[in-house]
Amino acid sequence: MSFFSGHATMAMYGAVTLIMYLHYKLSGRKLFYLRTILQLILLMYALYVGFSRVADYKHHWTDVVVGFAFGGLVAVLMYQQLPRGKLNGSDSCDLPNNPDRIELRTIAHPSSISVQDQSISTVVP
């Protein structure tokens, strides 16, 4: 037994991440019921994992509650770090789209470099 439940943390993290992903990807009136049902299934699965840990006497209920809170909090904080444009399905994001601002550097392959000075010799052991 350990404080807090890693199973509950990972279950809630995965559920909240997928719930937020579905919220942005399945937007619209036609998909409202499908999105809601899928989100409830994900949440019920996470709760089932936590309740099974308590029922199997692997964790105390407080371990599971803290695991749920921690997993949900980390999922929300991680999801907030994504560019806003990518969440709602558009092609735009917070990155600059101006090709003039992008600096490309070409690195020559060593075999394509010719040595003009013949006095340099390579010693192979």
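The values are calculated or read from the model by the stated rules, or taken from the named source; none is laboratory data. Keep in mind the model is a prediction, meaning the values are calculated, not measured. Glycine gets a Cβ as well: all are built from the backbone with ideal geometry, and neighbour counts include every protein chain shown.
Considering only residues in segment 1-12 that are part of a helix (DSSP H, G or I) and farther than 14 Å from Ala75 by Cβ, the one that is modelled with the lowest pLDDT turns out to be Gly6. Of the residues making up segment 16-63, those that are closer than 22 Å to Ala75 by Cα and of a type in the set (Ser, Thr, Tyr) are Thr17, Tyr21, Tyr24, Ser27, Thr36, Tyr45, Tyr48, Ser52, Thr62.
Considering segment 45-85, the residues that are assigned to a helix (DSSP H, G or I) and among the polar types (S, T, N, Q) include one that is surrounded by the fewest Cβ atoms within 10 Å (Cβ to Cβ), namely Thr62. Among the residues of segment 18-49, count how many are closer than 15 Å to Ala69 by Cβ and either touching a Lys or Arg at 6+ places or on another chain (Cβ under 9 Å) or touching a residue at least 60 places away in the same chain (Cβ under 8 Å) (or both). Residues in segment 18-49 being closer than 15 Å to Ala69 by Cβ and either touching a Lys or Arg at 6+ places or on another chain (Cβ under 9 Å) or touching a residue at least 60 places away in the same chain (Cβ under 8 Å) (or both): 0 in total. Within segment 57-74, residues that are in contact (Cβ under 8 Å) with a residue 40 or more places away in the chain and more than 7 Å from Ala8 (Cβ to Cβ) have Cβ atoms under 6 Å from residues that are hydroxyl-bearing (Ser, Thr, Tyr) and part of a loop (DSSP other than H, G, I, E, B) in these pairs: His59/Ser5; Asp63/Ser5, counting only partners at least 6 apart in sequence or on another chain. Selection of segment 13-49 for residues being small (Gly, Ala, Ser) and modelled with pLDDT under 95 yields Ser27, Gly28.
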